[in-house]
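Notes to accompany the following structure.
The values are calculated or read from the model by the stated rules, or taken from the named source; none is laboratory data. Just so it is clear, the structure is predicted and the values come from calculations on it, not from any experiment. In this analysis, Cβ positions are derived from the backbone assuming ideal geometry, glycine residues included, and neighbour counts consider all displayed protein chains. Accessible surface areas use protein heavy atoms only, side chains included; no ligands, DNA or RNA. Shrake-Rupley method; radii C 1.70, N 1.55, O 1.52, S 1.80 Å.
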Amino acid sequence: MVKIFYRINPMEIDSESSLISVRDEFPITGHFRIDFNHTNSYGYFHDRPLQDGEMGLESILTWFELLVEATLAISKENFVLLDVIESNNTWIQFVKVSADEIDVSIIKATKQAGGGFISTSPLDQYEYGEWKNIRINERQFKNELVTKAKQFVGELESINKIFLVTTPIVSLLEKLGRL
């Protein structure tokens, strides 16, 4: 089972903000964690009230974009690597093992300059990270991803409707429609 948790950092933005100011001045950061089968996770999230000044540093939008791209790729390929952008040596590896099951692992490897954030080619040299070969159901993963990504977009809309016309959100919604 896959569960996604996130919390958007508070933003001081009002309904009068322009598209340019929303796009350029309000990065969508916060806490983000993805759990695989309850015991294996990546990222950081808690549901306690935030302390004064506490802010998550994860780019929530980027996490959703990359997870959607990885999910689209695993539908066509049997192997996908997702580059964890907050780390200089960590990847999440997805390996299709049957029509509806995927094994997920954390791997550690030197990142190549100019490499993309999603790859369908195995790395030449790597080591397994904190956990490996965690079996998940592909359909449940997609459902959780779509549900939480749409919830995320809805929260942005409630902050300011202008988010819905920014290029990254339009792109995310288009990709979600292909899942």
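Do you know which residues across the range 115-124 are modelled with pLDDT of 85 or more and assigned to a loop (DSSP other than H, G, I, E, B)?
Across the range 115-124, the qualifying residues are PHE117, THR120, SER121, PRO122, LEU123, ASP124.
When the residues of the range 142-170 are filtered to those that are in contact with a Lys or Arg (Cβ under 8 Å, 6 or more places away or on another chain) and surrounded by 13 or more Cβ atoms within 10 Å (Cβ to Cβ), which remaining residue is farthest from GLU101 (Cα to Cα)?
THR166
Tally up the residues in the range 74-114 that are open to solvent by less than 60 Å² (accessible area, probe 1.4 Å) and assigned to a strand (DSSP E or B), please.
The qualifying residues number 20.
Going through ILE8, ILE13 one at a time, which residue ends up being of a type outside the set (Phe, Trp, Tyr), closer than 19 Å to PRO168 by Cα and at pLDDT below 70?
ILE13
Can you run down the residue pairs with Cβ atoms below 6 Å, 6 or more apart or on separate chains, where the first is in the range 159-179 and under 17 Å from THR147 (Cα atoms) and the partner is of a type in the set (Lys, Arg) and open to solvent by 40 Å² or more (accessible area, probe 1.4 Å)?
Close Cβ pairs (under 6 Å, with a partner that is of a type in the set (Lys, Arg) and open to solvent by 40 Å² or more (accessible area, probe 1.4 Å)) amount to LEU179/LYS142.
Could you figure out which of (1) assigned to a helix (DSSP H, G or I); (2) at pLDDT 70 or above; (3) open to solvent by 40 Å² or more (accessible area, probe 1.4 Å) isn't true of THR71?
For THR71, the exception is condition (3).
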